[in-house]
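Visitor: Sharing a structure below in structure tokens format, with a few things to ask.
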Amino acid sequence: MKKKIIAIIVVLLLICSCLYFIKNDKSNPNELTLFGNIEIRQVDMSFQAAGQILEMLKEEGDSVSKGELIAILDDRDYKSNLDKAEADVLTTLALKNEAQQQYDKQLPLCADNTISKQDCDTLLNTKDRTAADYNAASAQRDYAQNQYDYTKMYAPDDGIVTVRVQEPGATVTKGQSVYTISKNKPVWIRAYVNETDLGNIAYGMKAKVLTDSKDPKTGEIREYDGYIGYISPVSEFTPKTVQTEDLRTDLVYRIRVYVDEVDEFLRQGMPTTIKINLN
């Protein structure tokens with residue numbers, strides 16, 4: 001009798017357990033779950049002119065704002081070239097104005113042949129030559145101004161300095177890397193979808209992006225709204241550091257899920273879970 005009662009109790013417990021798990025099973029067959037990482041967008045910063053670095057104003061890990069000054073070259077030679085170019089502009093401008101005045105003054109005399117045709121041609125040639133000299137000097141001044149401006153480096157966008165390549169005193173060439181900056185925006189998650197699910201997703205489809213971090217104030221996983229902004233037309237093998245023979249035969253398609261409302265807790269490179277409602 002006791003054995004029957006124990007058996008009945010065990011059966012009832014098993015039934016209750018099954019009902020509990022069925023009731024609490026929140027898996028949604030119409031929900032696609034993907035895993036990915038926030039893509040890191042980096043910019044290699046370099047000067048557009050060669051020279052010796054005078055100041056490096058940022059360290060690795062520092063935040064930068066768009067247009068913020070982050071490095072300076074020794075600009076003495078470039079400043080001298082600019083001063084000379086500006087002086088040449090003033091000199092050629094004076095010669096140009098003088099030639100124009102002489103031409104305007106003598107033009108009536110050329111019209112009635114008071115002065116020789118050769119003298120008139122000389123006046124015209126002098127006017128044109130001095131005007132060309134002035135234009136060339138102005139172009140050289142603009143070039144010198146650009147070279148002088150290139151001795152200062154500004155952040156192209158909001159971001160974080162991930163690598164500081166050079167130090168003050170180093171001599172760099174044009175285009176040589178000085179900083180590497182990770183941009184804050186736009187933020188997207190790189191994920192991969194199986195071929196069997198490819199036909200169920202579309203551009204603009206909304207998605208929920210969840211991180212592994214919990215908000216200490218609410219105790220809830222941090223959640224962000226996103227949307228599918230890119231679907232690769234080319235399949236590739238499952239990207240794994242270590243692959244088995246079975247995994248190597250699975251073809252997947254890369255997608256990007258963009259997140260618009262970004263805060264300081266959504267970091268570049270962090271792993272995320274993506275929930276896409278297929279309905």
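Visitor: Restricting the search to region 251-267, which residues are hydrophobic (A, V, I, L, M, F, W, C) and assigned to a loop (DSSP other than H, G, I, E, B)?
Guide: Val262, Phe265, Leu266
Visitor: Quick one: is Thr130 in a helix (DSSP H, G or I), in contact with an Asp or Glu (Cβ under 6 Å, 6 or more places away or on another chain) and open to solvent by less than 80 Å² (accessible area, probe 1.4 Å)?
Guide: For Thr130, the condition - in a helix (DSSP H, G or I), in contact with an Asp or Glu (Cβ under 6 Å, 6 or more places away or on another chain) and open to solvent by less than 80 Å² (accessible area, probe 1.4 Å) - is not met.
Visitor: Could you list all residues from region 110-124 that are in a helix (DSSP H, G or I) and in contact with a helix residue (DSSP H, G or I) (Cβ under 8 Å, 6 or more places away or on another chain)?
Guide: The answer is Cys110, Lys117, Asp119, Cys120, Leu123, Leu124.
Visitor: Which of the following residues is under 24 Å from the mean Cα position of the chain (by Cα), of a type in the set (S, T, N, Q) and over 30 Å from Glu31 (Cα atoms): Thr171, Thr180?
Guide: Checking each option against the conditions leaves just Thr180.
Visitor: Within region 69-103, restricting attention to residues that are farther than 22 Å from Asp142 by Cβ and crowded, with 17+ Cβ neighbours inside 10 Å, which residue is farthest from the chain's Cα centre (by Cα)?
Guide: Per the stated criteria, the residue is Tyr103.
Visitor: Does Pro271 satisfy the criteria of being at pLDDT 80 or above, open to solvent by 60 Å² or more (accessible area, probe 1.4 Å) and out of contact with any Gly (no Cβ under 7 Å at 6 or more places or on another chain)?
Guide: It is true that Pro271 is at pLDDT 80 or above, open to solvent by 60 Å² or more (accessible area, probe 1.4 Å) and out of contact with any Gly (no Cβ under 7 Å at 6 or more places or on another chain).
Visitor: Of the residues in region 28-68, how many are open to solvent by 70 Å² or more (accessible area, probe 1.4 Å), assigned to a loop (DSSP other than H, G, I, E, B) and over 13 Å from Gly159 (Cα atoms)?
Guide: Summing the residues that are open to solvent by 70 Å² or more (accessible area, probe 1.4 Å), assigned to a loop (DSSP other than H, G, I, E, B) and over 13 Å from Gly159 (Cα atoms) in region 28-68 gives 3.
Visitor: Which residues, counting only those in region 45-63, are hydrophobic (A, V, I, L, M, F, W, C) and out of contact with any Phe, Trp or Tyr (no Cβ under 9 Å at 6 or more places or on another chain)?
Guide: Correct list: Ala50, Leu54, Leu57.
The values are calculated or read from the model by the stated rules, or taken from the named source; none is laboratory data. It should be emphasised that the depicted structure is a prediction, and the values quoted were computed from it without experimental measurement. No Cβ is skipped: glycine too gets one built from the backbone with ideal geometry, and neighbour counts run over all protein chains shown. The protein model used for the area step is the full one, side chains on, heavy atoms only, and it has no ligands, DNA or RNA in it. Shrake-Rupley method; radii C 1.70, N 1.55, O 1.52, S 1.80 Å.
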